[in-house]
Amino acid sequence: MNKYLDISPEVKAALDDGKPVVALESTIISHGMPYPQNVHTALAVEQTIRDHGAVPATIAVIGGRLKAGCTPEEIEHLGRTGQAVTKASRRDLPVLVARGQDGATTVTTTMIIAAMAGIKVFATGGIGGVHRGAETTMDISADLEELAQTPVMVVCAGAKSILDLGLTLEYLETKGVPVIGYGTDELPAFYTRRSGFKVDYRIDTPQELASAFAAKLAMGLKGGMLVTNPIPEQYSLDPDYINAAIDRAVARSVELGIKGKETTPFLLAEIKNITGGLSLEANIQLVLNNARLAAQTAACLAQE
Ligand code: PSU
Ligand code: MN
């Protein structure tokens, strides 16, 4: 096993027994939501996964160790430290590990560490993608490359329209990543259930999600699978309202010259400020919804 990897005793026991495990990311804790809602949400998501018969593995880098399974104290530390924790993507792992530093894992690094530990299913809120204006900025999230090469199913609520959703889907198509709509033909847009863009396949049950991913693994096709699960109707936001807020946030980031890894956290915080916290409640609810589906799917996958 990787000498930098620590699998928590509970996660290790579950993996050894072939029980379902669901990975969770930590950038959503440190950079995706404000304290203390971030910590409350992270713990509630873990509880939801347990309630649905799986073991949660919150993933992070703590003191240079790759953690598959964080303690509540480690989650509190990441949440309280917030944006002062390094947002760790693939390129950050070597130096953070060598220096013994902390890192909050994005979708990319959560997939990497989950795969090292042998965890196949991962639940989060939204993924990174091709940013609007990428034709000049070249801002394309490393998450898309990771989905192309690392064998983990990522359950999310689609992508926010801070991204160019059409170009994001084109990129995933080029890279051979299956994009599945859970109970829908349309890519959900995070805060809203619809985007106007079609997914590759609609799947209606956790069992079929598990079967499709098991087939991918058995064929030795590299890369993951993207499951997009629409936010529950009662928590979804009005599209005109949220799209106007997103447009304002994007305009502000351009005005301030925000670049690189700062862009996504800046936009998330700005949208939260503009909507006065309405977007935060939607965000929390969709993550819980994804945790439920991921736990059910991991349970089916454990029977394959
Ligand atoms: N999108 C969200 N919420 C998030 C993120 C993206 O709606 O918290 C985080 C995830 O950790 C994702 C990362 O992997 O931002 C993508 O960052 P970038 O765009 O810099 O690749
Ligand atoms: Mn980027």
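The values are calculated or read from the model by the stated rules, or taken from the named source; none is laboratory data. Just so it is clear, the structure is predicted and the values come from calculations on it, not from any experiment. Backbone-built Cβ (ideal geometry, glycine too); neighbour counts: all protein chains shown. Ligands, DNA and RNA are excluded from the accessible area calculation, which covers all protein heavy atoms including side chains. Shrake-Rupley method; radii C 1.70, N 1.55, O 1.52, S 1.80 Å.
Filter segment 262-304 for residues that are more than 18 Å from residue 44 (Cα to Cα), touching a His at 6+ places or on another chain (Cβ under 9 Å) and open to solvent by 40 Å² or more (accessible area, probe 1.4 Å) and give the result.
264, 269
Checking the structure you have, find out if any residue of segment 216-234 is more than 15 Å from ligand 1 (Cβ to nearest atom), part of a helix (DSSP H, G or I), at pLDDT 95 or above and under 23 Å from residue 143 (Cβ atoms).
Within segment 216-234 (the criterion being more than 15 Å from ligand 1 (Cβ to nearest atom), part of a helix (DSSP H, G or I), at pLDDT 95 or above and under 23 Å from residue 143 (Cβ atoms)), the answer is yes, since at least one residue qualifies.
Output the residues belonging to segment 229-251 that are more than 20 Å from the chain's Cα centre (by Cα), open to solvent by 50 Å² or more (accessible area, probe 1.4 Å) and within 30 Å of residue 201 (Cα to Cα).
Passing the criteria: 233, 234, 238, 239, 240, 241, 243, 244, 247.
Restricted to segment 54-65, and to residues that are open to solvent by 10 Å² or more (accessible area, probe 1.4 Å) and outside any loop (DSSP other than H, G, I, E, B), which residue is farthest from residue 43 (Cα to Cα)?
Here the residue is 65.
Does residue 284 satisfy the condition of being under 17 Å from the mean Cα position of the chain (by Cα) and either on the phi < 0 side of the Ramachandran plot or part of a helix (DSSP H, G or I) (or both)?
Yes; evaluated as a whole, the condition is true for this residue.
Could you tell me which residue of segment 72-91 is farthest from ligand 1 (Cβ to nearest atom), considering only residues that are of a type in the set (Gly, Ala, Ser) and crowded, with 18+ Cβ neighbours inside 10 Å?
Among them, the one singled out is 79.
Against the conditions (1) assigned to a helix (DSSP H, G or I); (2) within 24 Å of residue 201 (Cα to Cα); (3) more than 10 Å from ligand 1 (Cβ to nearest atom); (4) under 15 Å from the mean Cα position of the chain (by Cα), where does residue 122 fall short? Just the number, please.
In the conditions (1) assigned to a helix (DSSP H, G or I); (2) within 24 Å of residue 201 (Cα to Cα); (3) more than 10 Å from ligand 1 (Cβ to nearest atom); (4) under 15 Å from the mean Cα position of the chain (by Cα), residue 122 misses (1) alone.
Can you work out which of the residues in segment 131-152 that are open to solvent by 20 Å² or more (accessible area, probe 1.4 Å) and outside any helix (DSSP H, G or I) is nearest to ligand 1 (Cβ to nearest atom)?
Applying the filter and picking the extreme gives 141.
Here's the yes/no breakdown for (1) open to solvent by 40 Å² or more (accessible area, probe 1.4 Å); (2) closer than 20 Å to residue 222 by Cβ; (3) not in a loop (DSSP other than H, G, I, E, B):
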{"position": "126", "(1), (2), (3)": "no, no, no"}
{"position": "154", "(1), (2), (3)": "no, yes, yes"}
{"position": "169", "(1), (2), (3)": "no, yes, yes"}
{"position": "176", "(1), (2), (3)": "yes, yes, no"}
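In this structure, is residue 278 within 17 Å of the chain's Cα centre (by Cα), within 16 Å of ligand 1 (Cβ to nearest atom) and among the hydrophobic types (A, V, I, L, M, F, W, C)?
The answer is no for residue 278.
A quick yes/no check of all residues on (1) of a type in the set (Gly, Ala, Ser); (2) closer than 18 Å to residue 261 by Cβ; (3) within 16 Å of ligand 1 (Cβ to nearest atom); (4) free of Cβ contacts under 8 Å to residues at least 24 places away in the same chain:
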position	(1), (2), (3), (4)
114	yes, no, yes, no
162	no, yes, yes, no
182	no, no, no, no
189	yes, no, yes, no
192	no, no, yes, no
197	no, no, no, no
206	no, no, no, no
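For a quick check of your reading of the model, give me the residue pairs whose first member lies in segment 123-150 and is touching a residue at least 60 places away in the same chain (Cβ under 8 Å), whose second is within 7 Å of ligand 1 (Cβ to nearest atom) and among the aromatic types (Phe, Trp, Tyr), with beta-carbon atoms closer than 8 Å and at least 6 apart or on different chains.
Qualifying pairs under 8 Å: 125/190; 126/190.
Of all residues in segment 92-116, which are away from ligand 2 (no atom under 11 Å from the Cβ) and surrounded by 24 or more Cβ atoms within 10 Å (Cβ to Cβ)?
If the condition is that a residue be away from ligand 2 (no atom under 11 Å from the Cβ) and surrounded by 24 or more Cβ atoms within 10 Å (Cβ to Cβ), then 103, 104, 105, 107, 109, 110, 111, 113, 114 are the ones that fit.
Would you be able to say whether some residue in segment 247-259 is part of a helix (DSSP H, G or I), β-branched (Val, Ile, Thr) and more than 20 Å from residue 124 (Cβ to Cβ)?
Yes, segment 247-259 has at least one match.
Is it true that residue 254 is within 16 Å of ligand 2 (Cβ to nearest atom), more than 18 Å from the chain's Cα centre (by Cα) and open to solvent by 50 Å² or more (accessible area, probe 1.4 Å)?
Yes.
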